Amino acid sequence: MRKHLAVSLASLTMALGALTAGVGAGTASAQPARTSCYAESCSHLNPYKTYCSSDGREIYSAHNELRHVVHLYYSPSCRAVWAESWAPAGDTIRVERAGNPSVYSQDVTDGSHAWTGMINDAGYTAHAMIDDDGVNVWGQTGDY
């Protein structure tokens, strides 16, 4: 019985080894989608439709006196920034390039997730802002 059990365990081990050796063989690893813009060519484009959001990371966040939060996101592969918020309807979020009139704003219309178009960040600094139109209180992130 012991000899039969040892042979069965050895056979099972070899079968499992053969199965696991083939796992992943011939399959491509998941790669992030290629971005469709870079730096200036990203200006005013949607970070989600261009896939810049795939490597986008939050750099700063800020809130206004009403605790409405805005986030500044940066994509290294696109060299672009944008603002995002989950603010109430009526707020406006915007991303501005410091010392340069390049601004992109977005009104929050339904009180859910909103984002601006992107602006070129290659060689520039930028910040994100949030403004509650009804009360005129705003918050601003640091420059990045």
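Since every read-out is calculated from the coordinates, none of them should be taken as a lab result. These numbers were taken from a predicted model, which means no experiment stands behind them. Note that we place each Cβ from the backbone using ideal geometry, even for glycine, and neighbour counts take in every protein chain shown.
Treating r as the C-beta distance of GLU40 and ASP107 and R0 as 35 Å, the FRET efficiency rounds to 0.90. The GluC sites (Glu not before Pro) of the stretch 30-97 meeting both criteria, a DSSP state outside H, G, I, E and B (loop) and at most 11 other C-beta atoms within 10 angstrom of the site's C-beta, are GLU65. Distance between the 7 Å Cα→Cβ label points at THR125 and ARG57: 1.9 nm.
Taking only Cα atoms of the stretch 39-140, what ratio of Rg to Rh do you get with Rh as the Kirkwood inverse-distance radius?
Values: Rg = 12.5 Å, Rh = 13.1 Å.
That ratio equals 0.95.
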